[in-house]
Structure formats: structure tokens, C-alpha cells
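Beneath this line is the structure, given in C-alpha cells, with notes to follow.
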Amino acid sequence: MDETASRPAQTFRIKTAGRTSHVAVVAAIAILLVLTLLPVFASRTLIQDMIFLFYMLALAQCWNLLAGYAGLISVGQQAFVGLGGYLLFALTLVGGLNPLLAIPIAGVIAALFALPTALVVFRLRGAYFAIGTWVVAEVYRLGFAQVKPLGGGTGTSLTPAVTSSVSGIEWVRMLLDVRTPAARDIISYWVALALMAGTLAAVYLILRSRRGLALGAIRDHETAAASVGVDIYRIRFAVYVATAAMTGMIGALVYLQKARISPDAAFAVLDWTAYVIFIVIIGGIGTMEGPVIGAIIFYLMQRYLADFGAWYLILLGVLGILVMLFAPRGLWGHVAERYGLTLFPTRRRLVVDG
Amino acid sequence: MPLLETRQLTAFYGDFQALFGIDTTLDASETVAIIGANGAGKSTFLKAIAGLIQGEPDSVLLDGAPIGARPAAEIVRRGVALVPEGRRLFPSLTVEENLLIGGYGRKLPGPWTLDRVYALFPVLRERRHSATPTLSGGQQQMVAVGRALMSNPRVLLCDEISLGLAPIVIADIYAGLPRIKAEGTSVVLVEQDIVQAMKVANRVYCFQEGRLSLTGRPRDLSREQIHRAYFGS
Amino acid sequence: MTGWLDALIQGVLLGGLYALLAAGLSLMFGVMRLVNLAHGDLIVLAAFAILVLAGKLGLDPFVAVLVALPILFVVGFALQHVLLNRTLGRDLLPPLLVTFGLSIIIENGLLQLFSADSQRLRSGAIETASIPLGGGIAVGVVPLLTLLSAISMIVLLNLIFYRTPIGRAFRATSDDLEVAQLMGVDHRRIFAVAMGLAFVVITIAALYLGLRANFDPTIGPARLLYAFEAVIIGGLGSFWGTLAGGIVLGLAQTIGARIDPEWQILAGHLAFLAVLVIRPRGLFPRAQD
């Protein structure tokens, strides 16, 4: 007697979204709307603070993609922040391009730089790779310190001609009745918001794609991933170049807003790596929600504690170590595990119908 | 009192349960063989005794003392040495250095010295300064056994020492067993080679999917019994 | 011509310092597979320790370092035992990030205690003494001592690793941690001893670093990079390789400086990257690995 014939056929689907995440999507759109309209009623200080929060979050998402998913622990991302910054200065000061146009172009050129960089630095593995990326960042720093047209070792500033050529300044001045510097900040704010949202969207899409499935596999168990045919080298290479492009654009924005660049600042390990790593670790590595939480916490700490100078940094170091030892999944990691939450669903669940 | 005893020994690899409450005993001067199909839990059993896998303190008793939760480095000091599956010699160390490091945890008085090990396996003396990867499989196995002996163990746990070796080589290694027993070491052998195991063992335990399926003396067990216990029905 | 010959000699002598800086890192890589991002800052910490001891006890740095050695051995032992042993495991991230955090703590702690002022270890006449080699070239006594100390240190380390029981334990643990435990090796203790030993090496390196040039709390990261480069150029797993790597790096830097003083450090980094491309395993890699 054939038993299987009498059972109705079962179908299977792959689902990613859950109920919480549907709510989250609506909330995210609402938040995005509010943030876009923020310049209408916020003070200039708040706008500047938000710019900082946005670009640190974007950098954190990039580092998380690299380290938390692709398993590439880099302590040299400052190479691409500085590169993006210097490219912006080069494209606008020397090339005469519109600054807003220069940002995406800087991203593309950063990706081009990342190609040979990856070829060299991928010869190292694991922790050696990490220090290798630091060496590379130093090479970039020392290299740009030799570029006299961009200020050499002491750096340079954007000319008023460049800063006032940012598109939309006149429009914002008229609409919101602010002076030129404030208008420039507002435009920078919208660019930062766009970059942050764009980075979040890009990372999310990557993780939801087939590549993302591969990345999750690499994150969980590299050897097993390789044994089912995941081409780890190519995926890592692609992720490295992609994050270099995003990081380059972020660097371009940062230095457009600061309007002043120097090698030591643009390629600083503290600002562009130490703080970023702190954000990801506190928030929760290997999740998309973690860096969001981490960035907010970091922003608050930076705002209220940065005046304590060396003590503040010691505190960051101690906190980082404690989290790494006793709560390695970070704040979000622990909460999510407890309550099974996901706001940015990337895991696939098998749903059986019938 | 038995020299070594396991009581309701369980072992997990993450969520996967490999052993389900194993009760065994080993008396002094006995040789016990553990047989069973691949994946039955034989190696896990030895690793649990040797301390590479920790469990309940009372699950493993040595001379009545609970060692189930003690780390491996302490257990070898107490006199239980494991010859690991696949030999796992140290590639950075020469043959002699591999033997010497076997004596690192040596706390107990006993007969085994470098010279005694060379007397047991003379070919090793000729290759004493060689790098271990250059040795044949059989020679490597001899180094692995000798290395374990250097800690003067009261219990020697051997995990598949015949694996991948030609019959004549296996015979050479097994020829050393009587000497080891004579010097006062009791032996637990995990073996794929049932015939060889039955020849040297006083008692046999058969594992099947993490559980004991048969126990007894070799001469008291029929082929059918063993076949059933090994493969299941 | 003399200029180039001088650059070569200075390069080899500088290489001695880099080899010393790198030897501790090589030890940590070798035994514990630990990539210690705080390595450079630990060297600076040791230099300040020697400075303080020399000042408070009124000692010459060469004597103060002897007082510092046992203290720093204990510090290293404790650091590994209490903190770094907790980061052991297959995951790469904890040891990297914990040592990174440590690096920030040490650097800023030193800044708080000593400010960013430049310091120097003073030893009197020996600092400027030199041995003339003829043709206008002279070899500084301190740089020469540095090179000789580097060579002695490496001979000593090889002796420990290849001729002592604990050296056997180091190598076995590095080969196969699990089976080393089966030999009765308490890997936690072995790592702590290895770290203590690494701190001894670091302290000697700090002595010569502080004698040769000024130091301040912020120079740590750069020393980490030089040490790392020396180890990689030389090849993992070999102390003599580390010496060779240090010398190659020193030569690259002095030759680069000869072409243009501003290019000194960049030349070193580029040489490292070149070796990485051409011979990724280094000049004298160990057979296994």
C-alpha cells in the first residue's frame, strides 16, 4: 500500500520578512521622512551632530559588512576615508568639479584604488591581514603627504569658490532663510542622510541576495562554506572593493563638510577605525541593527564625554574590552537572542504550506 | 575496585549527543577492546576519559576518584594517557623530542624511559633525530604509542592504532603490547580490526550509535552476536 | 659612494633595532598565534618603565633595565593569565580587538601620566660614542650594541626553543594545542610564560629604542608596524628570519632616506608590500605552516 499517494502535495516557500520587520519598515519610512524634514526646525548644531551620527553609522555598517559577514577584519579602513577626502579635494580644487558630483566619482575611484590594494593585502590572512590593512593605510597617508598640490604634510582647505559651488545652496537659503555656511551644512546633512540610507540599503540588499547567503555561510563557518562551493576569495574581494567605494564616498562627504584636510586627520586610526569598531562591537557585530544602536550610544558618549580627553579614550578601550570578553554579541546581539527580534530580516526561513 | 570505571558517561558535541550513559570497567592488568562501526562513539568515549571532553565529575572514576570534569593535562598526570586517533605527532619536533614531550606531564614513578621505548620499538632509535612527517605510517604510530608511554601511564588508551597500516606493520605494533602490559599498564583499545582486537583483549565492549550493545569475553561471544551488536538488526 | 656605503651600514644597524622590536612579536605569533596590536605600545610602556626606574633609583638605563626585566616578566605573565587567555579560541576577533583596546588604553594612560613630551634614556658618553671605520664612515656604539643584542637575543631564543623542555612545550603547543594537553602541558600556563618571556624581549628592545632616539606615548603604533613588517618579510616561524626581515626593512628605510629623507618610512612600507607580492611567505619561512 503506497502511503505517500494519499497525502496532499506539500509546497515550500522561502520567507525572509516577519511581522516585526513589517512594522519596522513602516517605522523606518516614517523616521526617514522626519529626518529629511529636520533642517526646517532644527538648530545648526543639531544638524552638524546628525551629520556626524549619519556618517559614523554608515562607516560602521561598512566595517560590519567586512568583518561581521565577510570575515575580513580590517584596521585600515581609514585608507579609504582619507582617499575619499583627498579625491574630493582633488576633483573640486584641481579638477573644478561640482562637489556633489565629486562624491560619487570619488567612490568609483576609491573602488579602482581598492583593486590593486586587495590583490596585495589578500596575500595575508586572518589577523595578519588586519595589520596589513593598517600598513596600507599608512602608505596612503605617507603618499598623500607627498602630494604638494593638495597641501603636502600640512594639508589644505577648500576655497570659498568650491564651498559655494555646492548645488542647492541658493535654494536652501531662500527656502529656510539661513546664511550660506548653514545652507551648506544643510545640503551636507541631506547628502549624509542619503549616504547613510543608501549604505544601509546597499548592505541590506547585499545580505538578502545570493551573495549574502554566501556571506552568512562564510561568517558562520568558513571551511564548511568552501566545501559547498562558495568562492570565498572572490566574494571577499568583491565585498572589499564595494565597501571601499562606500567608504570613499563617506570620506568625500566628511571632508566636504569639514572643508579642511590633512594627512594625519584624514588617515587617523582613532577617528576612522577605533571609533567605528567600538560602535559595531557595542551595538552588535554581524547584525545590521547593532551598528545603529552602537552609533547612537557612541554619539551620546562623544557628545558628553569627549571633553575628558585621554580618560574618555581609556574608558572606550576598557568598555570595548569588557564587551568583547563578556558580551561579544553586543547590546543588540543579546537582546535579539533573548526576544528573537529582527528589524532587518536577512535570514531565510523555510515555510511549509499544506 | 576497578582501576578505571565509567558511570553513565554521556558526551555532546554542541547539541549532538554522541554517548548515552556508558557504563564500563577496566581492572588492573586487563586489556579491554572497544569495537563498533564508524560514528558509534568509540573515539568520543576515549576523549571523554582523557579529559578532552568534560562531563560530570562522577562519570569517570580512576581508582575510585572522580576525574570526569578534570582537564586533559591533569588526567595524564594522574596516569591516563591517550594515543590519539590519527597519531597527531608534533611536526615541529623530532622523533626523540616527540617522545620527550610525552614525559612532560610525568608525575608518576614508572619504568618507561627513552631507552625503554627504543628497546620496545628499535627502529625509532635509528630515526631519533628525524622529522616525524618523514616517517612511515607504522613508525609514526610507534612514536605515538611511545610518546604516551613516556608519562608512565597506568591506563593506556589507544585510538585506532591500526588505522591505515599494513597487516605486517600492525602485527609489529601489537607485538609490543605484551611488553606494555608486563610493565604494569592496563590498556583500552579502540579498534576497527575486530580480529586483532579479539586476539589481545580480555574483554570486549561493542558500541552502537552511542550506546553499549554487547559486552563479554572474546571466547564467550559468537560471531552472530558480535555481528548483531556491531551493525544492529 | 661613501654616502651609499654609509646608508648600507646604517641600514643594517637600524635593522638590528627592528629585529629586536620584532623578536617579541615573533615569539607571540609563534607560540600563541597571537597578533598583539598593543605590541608597539607595550615597548613604549617598557621604555617609560626603564625611564622611571632610572630616574627614581638614580641608575644608568643599562642597570635600570636589569631591574625592569623581572618586573615586566611578571606583568606579561599576569596579562596573559588574567586577560589574554580569555580570548583564546578559534574566533579571530577577540584577541585582535582586546589587544587593540589595550593599545588605546596604554597610549592614553601614558599620555595622562607623562604628557606628550619627548623623552630619552640617558646613559652619558656612550650615547654619542662611535667607532670610526675609515673613509669618513663611523659606526655608533649604541646602534652597534643594538645589533649585537639583537643577534644575542635570537641566539638565546633559539636555544630556549630548541634545547630546553619548555621550548619543546612551546613548539608542541604551537603545533597542536589539544595533543599538547594530552602530554600534560597546561597551555594556559605555557602561554603565560611565553608572554612573560616576550615581555623580557620587549624590555630589552625598549632599552635600545629609548637610547637611540626620542620616544613619547604616541610612537607605539608605528613600532608595531615595523615589527610586523620585519616578521613577515623574514618569514613566520623563524627567529633568524626575523633578524633578516629587520635588516631588510632597515636597509629599505635608509636607502629610501638617502634618495629623499621624507621617503624613509614610506620606502620601508613599500619594500614590505613588494616582498608580500613577490614572496608572500617571506624570505625564510618555516617548512610547515
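Could we say that C:LEU148 is touching a residue at least 40 places away in the same chain (Cβ under 8 Å), under 30 Å from C:TRP4 (Cα atoms) and exposed (fewer than 15 other Cβ atoms within 10 Å of the Cβ) here? Against the criterion (touching a residue at least 40 places away in the same chain (Cβ under 8 Å), under 30 Å from C:TRP4 (Cα atoms) and exposed (fewer than 15 other Cβ atoms within 10 Å of the Cβ)), C:LEU148 qualifies. Of all residues in segment C:181-195, those satisfying the criterion of being assigned to a helix (DSSP H, G or I), in contact with a helix residue (DSSP H, G or I) (Cβ under 7 Å, 6 or more places away or on another chain) and either facing chain B (nearest Cβ under 8 Å) or of a type in the set (D, E, K, R) (or both) are C:GLN181, C:LEU182, C:HIS187, C:ARG188.
Comparison of C:ALA38, C:ALA68 shows that the only residue that is in contact with a Phe, Trp or Tyr (Cβ under 9 Å, 6 or more places away or on another chain) and small (Gly, Ala, Ser) is C:ALA38. Please pick out the residue among A:ALA67, A:ALA102, A:ALA58 that is in a helix (DSSP H, G or I), within 14 Å of chain C (Cβ to nearest Cβ) and either touching a His at 6+ places or on another chain (Cβ under 7 Å) or not aromatic (Phe, Trp, Tyr) (or both). Of A:ALA67, A:ALA102, A:ALA58, the one residue that is in a helix (DSSP H, G or I), within 14 Å of chain C (Cβ to nearest Cβ) and either touching a His at 6+ places or on another chain (Cβ under 7 Å) or not aromatic (Phe, Trp, Tyr) (or both) is A:ALA67.
Taking the condition of being free of Cβ contacts under 8 Å to residues at least 40 places away in the same chain and not hydrophobic (A, V, I, L, M, F, W, C), how many residues in segment C:86-107 meet it? Result for segment C:86-107: 7.
Just one of the listed residues (C:LEU37, C:LEU97, C:LEU13, C:LEU20) is of a type outside the set (Phe, Trp, Tyr) and more than 18 Å from the chain's Cα centre (by Cα), namely C:LEU97. Scanning segment B:84-95 for residues that are more than 9 Å from chain C (Cβ to nearest Cβ) and buried (at least 22 other Cβ atoms within 10 Å of the Cβ) gives B:ARG87, B:VAL95.
Checking the structure you have, find out if any residue of segment C:81-89 is more than 8 Å from chain A (Cβ to nearest Cβ) and of a type in the set (S, T, N, Q). Taking every residue of segment C:81-89 in turn, at least one turns out to be more than 8 Å from chain A (Cβ to nearest Cβ) and of a type in the set (S, T, N, Q). Screening C:TRP263 on (1) assigned to a helix (DSSP H, G or I); (2) crowded, with 24+ Cβ neighbours inside 10 Å shows it passes everything except condition (2). Restricting to segment A:125-172, give me the number of residues that are under 30 Å from C:ARG33 (Cα atoms), more than 7 Å from chain C (Cβ to nearest Cβ) and not polar (S, T, N, Q). Number satisfying all stated conditions: 7. When the test is whether a residue is within 13 Å of chain C (Cβ to nearest Cβ) and of a type in the set (A, V, I, L, M), B:ALA131 passes it.
Could you tell me whether segment C:110-121 includes any residue that is of a type in the set (Phe, Trp, Tyr), away from chain A (no Cβ under 14 Å) and more than 19 Å from C:GLY246 (Cβ to Cβ)? No, every residue in segment C:110-121 fails to be of a type in the set (Phe, Trp, Tyr), away from chain A (no Cβ under 14 Å) and more than 19 Å from C:GLY246 (Cβ to Cβ). Taken over segment A:295-314, the criterion of being surrounded by fewer than 17 Cβ atoms within 10 Å (Cβ to Cβ) and free of Cβ contacts under 8 Å to residues at least 12 places away in the same chain is satisfied by A:LEU300, A:TYR304, A:LEU305, A:ALA306, A:ASP307, A:PHE308, A:GLY309, A:TRP311, A:TYR312. In the condition set (1) within 14 Å of chain C (Cβ to nearest Cβ); (2) buried (at least 17 other Cβ atoms within 10 Å of the Cβ); (3) modelled with pLDDT of 95 or more; (4) over 19 Å from C:LEU96 (Cα atoms), A:GLY317 is compliant with all but (4).
Scanning segment C:98-130 for residues that are assigned to a helix (DSSP H, G or I) and among the charged types (D, E, K, R) turns up C:GLU107, C:GLU127. For A:PHE326, the conditions (1) out of contact with any Gly (no Cβ under 7 Å at 6 or more places or on another chain); (2) under 18 Å from A:ALA130 (Cα atoms); (3) within 14 Å of chain C (Cβ to nearest Cβ); (4) of a type in the set (Phe, Trp, Tyr) all hold with the exception of (2). Taking segment A:144-226 as the region of interest, the helices (runs of 4 or more DSSP H) fully inside it that hold 3 or more residues being free of Cβ contacts under 8 Å to residues at least 40 places away in the same chain and under 25 Å from the mean Cα position of the chain (by Cα) are A:180-208, A:210-220.
Condition check ((1) within 13 Å of chain C (Cβ to nearest Cβ); (2) at pLDDT 95 or above; (3) in contact with a Leu (Cβ under 7 Å, 6 or more places away or on another chain)) across all residues:
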{"residue": "A:ALA259", "(1), (2), (3)": "no, no, yes"}
{"residue": "A:PHE267", "(1), (2), (3)": "yes, yes, no"}
{"residue": "A:ILE279", "(1), (2), (3)": "yes, yes, no"}
{"residue": "A:GLU289", "(1), (2), (3)": "no, no, yes"}
{"residue": "A:ALA295", "(1), (2), (3)": "no, yes, yes"}
{"residue": "A:TYR299", "(1), (2), (3)": "no, yes, yes"}
{"residue": "A:LEU331", "(1), (2), (3)": "no, no, no"}
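Against the test of being in contact (Cβ under 8 Å) with a residue 24 or more places away in the chain and out of contact with any helix residue (DSSP H, G or I) (no Cβ under 8 Å at 6 or more places or on another chain), the options B:ASP15, B:ASP23 yield a single qualifying residue, B:ASP23.
Here B:ASP115 fulfils each of the conditions (1) in a loop (DSSP other than H, G, I, E, B); (2) exposed (fewer than 14 other Cβ atoms within 10 Å of the Cβ) apart from (1). Looking only at segment A:74-99, residues that are within 20 Å of A:PHE267 (Cβ to Cβ), modelled with pLDDT under 95 and not in a helix (DSSP H, G or I) come to 0 in all. Restricting attention to segment C:162-192, the residues that are surrounded by fewer than 20 Cβ atoms within 10 Å (Cβ to Cβ), within 20 Å of the chain's Cα centre (by Cα) and touching a residue at least 12 places away in the same chain (Cβ under 8 Å) add up to 0.
Every listed requirement among (1) more than 14 Å from chain C (Cβ to nearest Cβ); (2) aliphatic (A, V, I, L, M); (3) closer than 30 Å to C:PHE29 by Cβ is met by A:LEU93 save one, (3).
Scanning segment A:105-133 for residues that are under 16 Å from C:PHE272 (Cβ atoms), of a type in the set (A, V, I, L, M) and assigned to a helix (DSSP H, G or I) gives A:LEU119, A:VAL120, A:VAL121, A:ALA130, A:ILE131. In this structure, does B:GLU74 turn out to be at the interface with another protein chain (Cβ under 10 Å from one of its Cβ atoms), out of contact with any helix residue (DSSP H, G or I) (no Cβ under 9 Å at 6 or more places or on another chain) and either among the hydrophobic types (A, V, I, L, M, F, W, C) or at negative phi (or both)? Taking the combined requirement at face value, the residue satisfies it. Out of everything in segment C:266-289 that is touching a helix residue (DSSP H, G or I) at 6+ places or on another chain (Cβ under 6 Å) and not in a helix (DSSP H, G or I), what residue ends up being nearest to the other protein chains (Cβ to nearest Cβ)? Here the residue is C:GLY282. Against the definition (more than 11 Å from chain A (Cβ to nearest Cβ) and touching a residue at least 24 places away in the same chain (Cβ under 8 Å)), how does C:LEU251 come out, yes or no? So C:LEU251 fits the description; yes.
Residue-wise test of (1) among the acidic types (Asp, Glu); (2) out of contact with any Gly (no Cβ under 7 Å at 6 or more places or on another chain).
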position: C:SER130; (1), (2): no, no
position: C:GLY135; (1), (2): no, yes
position: C:VAL142; (1), (2): no, yes
position: C:ILE154; (1), (2): no, yes
position: C:ILE160; (1), (2): no, no
position: C:ARG163; (1), (2): no, yes
position: C:ARG168; (1), (2): no, yes
position: C:ASP176; (1), (2): yes, yes
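The values are calculated or read from the model by the stated rules, or taken from the named source; none is laboratory data. Source: prediction; values computed, not measured. So basically every Cβ, Gly included, is an ideal-geometry build from the backbone, and we count neighbours across all protein chains shown.
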